[in-house]
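The values are calculated or read from the model by the stated rules, or taken from the named source; none is laboratory data. Owing to the predicted nature of the structure, the values given are computational and were not obtained by experimental measurement. No Cβ is skipped: glycine too gets one built from the backbone with ideal geometry, and neighbour counts run over all protein chains shown. Areas reflect the complete protein model, heavy atoms only, side chains present, ligands, DNA and RNA absent. Shrake-Rupley method; radii C 1.70, N 1.55, O 1.52, S 1.80 Å.
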Amino acid sequence: MLKRAWTLLLSIPLVAGAADGALPARPPLLPPRPKVVIPAPSPALKAALDATTRGGLDDLALAGFSGQPLAGWLEYAALRVRFDRLPPARGAAFLATHAGEPVAAAFRADWLAALARRNEWPAFLDAWDPAITDPALRCLRLQALMAMDRVDADWTAQAQSLWRSSGTSLPAQCDAPFALLAAQGGLPDALRWERFDKAAQAAQGAVMRSIARGFASPADAAQAQAWAAYLDAPGGDVSTWPKTARSRLVAAVALAKLARANPDRAEALLPGVAQALGFGEAELGRVRYQIALWTAASYLPDAARRLAAVPESADDDSLREWRVREALARADWPAALDAIARMPEAQRNDSRWLYFAARLRELSGDPAAARVLYAQAAQNTDFHGFLAADRLGQPYALCPRMLQAPASAKHAVARDPALVRALQLFQLDRRSWAVREWNAALAHFDPTQRQLAVEVAQDNGWFDRGVFGLVNVGGQRYPEEQQLYLLRFPLHHTERILREAARNRLDPAWIAAEIRAESVFDPRARSSADARGLMQLLPATAAALAKSLAMPWSGDDDLYDPDTNITLGSAYLRQLLDRNDGQLYRAIAGYNAGPAPLARWLAQRPTLDPDIWIETIPYRETRDYVMRVLAFSVLYDWRLRGDALRLSDRLLGRNDGPRKGFTCPAPASPSSTPTSAPAQDARKRP
């Protein structure tokens with residue numbers, strides 16, 4: 001039955017209609033599952049919630065909303081603006097009424113901070129929850145106990161626990177408890193050194209200097225200050241330092257930090273420092289690792305030598321990958337192939353390195369060995385799997401799975417109070433509150449219920465739950481959920497996407513892929529850089545585009561309108577494609593990294609083939625982004641048309657090439673599974 005569902009899914013395209021002739025009319029992939037729409041909050045509640053920001057909602061007005069799903073959040077919003085004068089009994093009553101609900105946790109954190117500002121310490125302690133882990137609130141609790149003259153052995157133990165909890169800076173709320181702890185002799189030098197070492201490991205010079213001021217011995221304080229100064233500006237004389245593990249730690253961390261900005265300087269300083277302090281393999285490995293990494297990432301001339309100098313004990317997967325990239329950048333195929341062969345088996349058999357092991361064998365004149373490895377890579381539904389399938393001329397691997405739970409189970413999930421509150425809060429654009437309720441709902445769902453919750457969320461326009469509610473959830477991994485492609489790759493605003501694709505002579509699957517990568521179809525998405533909307537456009541860029549297109553533009557918030565965002569974003573993609581001679585992979589890199597880095601990378605490695613050039617992009621974010629968007633484009637082609645343009649044509653901007661289908665390959669038996677390198681090349685590392 002499942003195999004039959006796959007056959008249908010792979011053979012019948014999704015789009016039911018087309019705009020401007022972009023695609024022919026087609027039937028849906030499968031009969032759609034019935035949607036479950038959560039009733040929107042009442043207009044009166046929305047107006048009341050807006051009124052809370054002005055403090056215009058009293059208890060009598062709140063009573064009129066009792067029984068509504070969001071009554072607790074409305075009350076929280078109304079009380080929060082009164083925290084400076086709210087009676088403690090009123091706050092305690094709220095916490096008791098909503099015990100165990102996400103709104104109680106949100107209320108409690110804000111209420112405790114307000115009670116501390118008011119010096120209402122008895123009420124603070126009454127409202128305390130032992131499950132709180134926030135350091136600022138924990139330090140405020142210590143202040144409450146101080147104010148109530150309840151400083152005892154337990155108080156000291158808790159203060160010491162907070163002190164040693166981190167080598168980074170702790171909140172200002174901890175200053176008073178730590179001052180009292182020190183005055184009472186609760187911060188002996190041994191405890192100070194413990195945190196000092198953590199700060200050194202974390203390269204926190206300011207924290208080290210702060211700790212140093214409290215040492216009883218002037219000599220210890222002076223040495224600690226010298227260590228902190230060296231961490232921030234390595235290069236001074238270390239020959240007078242004590243030959244201790246702490247000296248070696250500080251010096252190694254300092255040189256490793258320096259290597260990020262100036263690997264040449266770090267390498268020049270290393271021999272003298274290592275000899276003066278007696279560096280062992282651990283310290284040498286720490287520094288040489290960073291020297292090699294940042295030299296390789298910048299493709300500097302000494303990269304191969306520095307990579308070879310890293311002790312085996314300091315090696316890791318990241319550095320092994322950079323050995324391959326560095327060799328690829330030099331077009332040294334034997335060195336790149338050798339670097340792949342030296343990887344541990346699990347890393348070597350990742351689709352990325354299977355593909356490049358095959359590609360390098362092909363470039364080295366061994367097509368038979370290449371085909372074996374391409375076949376293994378092509379089993380994967382990802383960027384390198386698709387490229388490998390193109391090399392073999394075979395269909396793409398895709399094994400979609402549909403939710404099989406009955407409608408009754410979906411309706412039961414949709415009635416869960418936490419999920420209802422989450423979706424209504426999402427509809428009100430209260431995202432952080434919505435996520436609190438979403439997480440509370442998922443905490444008591446089994447995997448099937450969680451998958452249904454994602455479907456219900458998408459029924460109600462919360463599309464990114466297909467990313468944040470599947471595969472990696474709550475610290476656990478559910479790899480089989482990768483096959484829920486219709487949930488993981490939502491498709492919305494299809495007519496606008498098709499229309500703008502036709503207008504700008506673009507592949508609509510690329511536009512959809514960019515939206516999936518940038519916002520997961522969230523029209524209200526906003527980045528820390530103020531990029532907004534579905535395609536995450538910067539307001540200045542969008543305003544200029546709107547002017548060039550003679551489009552109405554009333555301000556930055558226009559970008560939250562899906563039609564406006566897709567129209568402007570598609571025009572911008574057209575500009576990028578034209579600036580990059582129609583080379584799609586370059587346009588995608590420029591969309592993520594900007595024109596200056598892109599120009600630098602093209603100048604550094606102008607002759608590399610696209611697949612190799614992409615792998616040698618220095619920025620991990622951009623490197624993965626280009627691969628992700630291109631792979632997403634294949635999957636959205638499948639969603640839009642049921643087949644796909646070949647990825648090897650797509651990345652070059654060729655939209656009129658041959659198309660290919662999808663198939664669900666049978667799992668390879670263990671005995672027939674090829675490895676990515678012959679046995680004599682597979683030098684495993686301990």
> Looking at (1) within 26 Å of the chain's Cα centre (by Cα); (2) farther than 17 Å from Leu363 by Cβ, which is the only condition Ser313 fails?
Replying inline: (1)
> Going through region 390-418 one residue at a time, which ones are hydrophobic (A, V, I, L, M, F, W, C), touching a Leu at 6+ places or on another chain (Cβ under 9 Å) and in contact (Cβ under 8 Å) with a residue 40 or more places away in the chain?
Replying inline: Leu398, Met402, Leu403, Ala405, Ala409, Val413, Ala414, Ala418
> Just checking, how many residues over region 147-167 are open to solvent by 40 Å² or more (accessible area, probe 1.4 Å), touching a residue at least 12 places away in the same chain (Cβ under 8 Å) and either outside any helix (DSSP H, G or I) or of a type in the set (Phe, Trp, Tyr) (or both)?
Replying inline: 4
> Only one residue in Leu470, Leu387, Leu452 is open to solvent by less than 40 Å² (accessible area, probe 1.4 Å), outside any helix (DSSP H, G or I) and under 26 Å from Val634 (Cα atoms). Which one?
Replying inline: Leu470
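In this structure, does Gln173 turn out to be of a type outside the set (D, E, K, R), over 27 Å from Asp232 (Cβ atoms) and either open to solvent by 30 Å² or more (accessible area, probe 1.4 Å) or part of a loop (DSSP other than H, G, I, E, B) (or both)?
Criteria not met by Gln173.
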> Could you count how many residues in region 211-221 are part of a helix (DSSP H, G or I) and open to solvent by 60 Å² or more (accessible area, probe 1.4 Å)?
Replying inline: 2
> Got a number for residues in region 528-556 being within 26 Å of the chain's Cα centre (by Cα) and surrounded by fewer than 14 Cβ atoms within 10 Å (Cβ to Cβ)?
Replying inline: 4
> Can you tell me which of Leu284, Leu255, Leu293, Leu307 is of a type outside the set (D, E, K, R) and either open to solvent by 30 Å² or more (accessible area, probe 1.4 Å) or not in a helix (DSSP H, G or I) (or both)?
Replying inline: Leu284
> How many of the residues making up region 52-81 are crowded, with 17+ Cβ neighbours inside 10 Å and within 22 Å of Ala116 (Cα to Cα)?
Replying inline: 6
>> Please determine whether any residue of region 235-242 is surrounded by fewer than 21 Cβ atoms within 10 Å (Cβ to Cβ) and on the phi > 0 side of the Ramachandran plot.
In response: yes
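Which one of these is open to solvent by 20 Å² or more (accessible area, probe 1.4 Å), closer than 30 Å to Gly461 by Cβ, modelled with pLDDT of 95 or more and assigned to a helix (DSSP H, G or I): Phe426, Phe445? Please lay out each step first, then the result.
Numbers: Phe445 fails: assigned to a helix (DSSP H, G or I).
Unique residue meeting the criteria: Phe426.
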> Would you say Ser633 is in contact (Cβ under 8 Å) with a residue 12 or more places away in the chain, under 22 Å from Tyr572 (Cα atoms) and polar (S, T, N, Q)?
Replying inline: yes
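Okay, residues lined up against (1) aliphatic (A, V, I, L, M); (2) in a loop (DSSP other than H, G, I, E, B); (3) surrounded by fewer than 19 Cβ atoms within 10 Å (Cβ to Cβ):
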residue	(1), (2), (3)
Phe83	no, yes, yes
Gly91	no, no, no
Arg108	no, no, no
Asn119	no, yes, yes
Thr133	no, yes, yes
Leu140	yes, no, no
Leu145	yes, no, no
Ser169	no, yes, yes
>> Looking at (1) free of Cβ contacts under 8 Å to residues at least 60 places away in the same chain; (2) surrounded by fewer than 19 Cβ atoms within 10 Å (Cβ to Cβ), which one does Leu559 not meet, given that it meets all the others?
In response: (2)
>> Any residue that is touching a helix residue (DSSP H, G or I) at 6+ places or on another chain (Cβ under 6 Å), surrounded by 13 or more Cβ atoms within 10 Å (Cβ to Cβ), touching a residue at least 40 places away in the same chain (Cβ under 8 Å) and outside any loop (DSSP other than H, G, I, E, B) - is there at least one of those in region 197-210?
In response: yes
> Say we look at region 319-352 and pick out the residues that are of a type in the set (Asp, Glu) and in a helix (DSSP H, G or I); which of these is least open to solvent (accessible area, probe 1.4 Å)?
Replying inline: Glu326
> Name the residues in region 610-631 that are aromatic (Phe, Trp, Tyr) and open to solvent by less than 20 Å² (accessible area, probe 1.4 Å), would you?
Replying inline: Trp613, Tyr625
> Within region 390-423, can you find the residues that are open to solvent by less than 10 Å² (accessible area, probe 1.4 Å) and on the phi > 0 side of the Ramachandran plot?
Replying inline: none
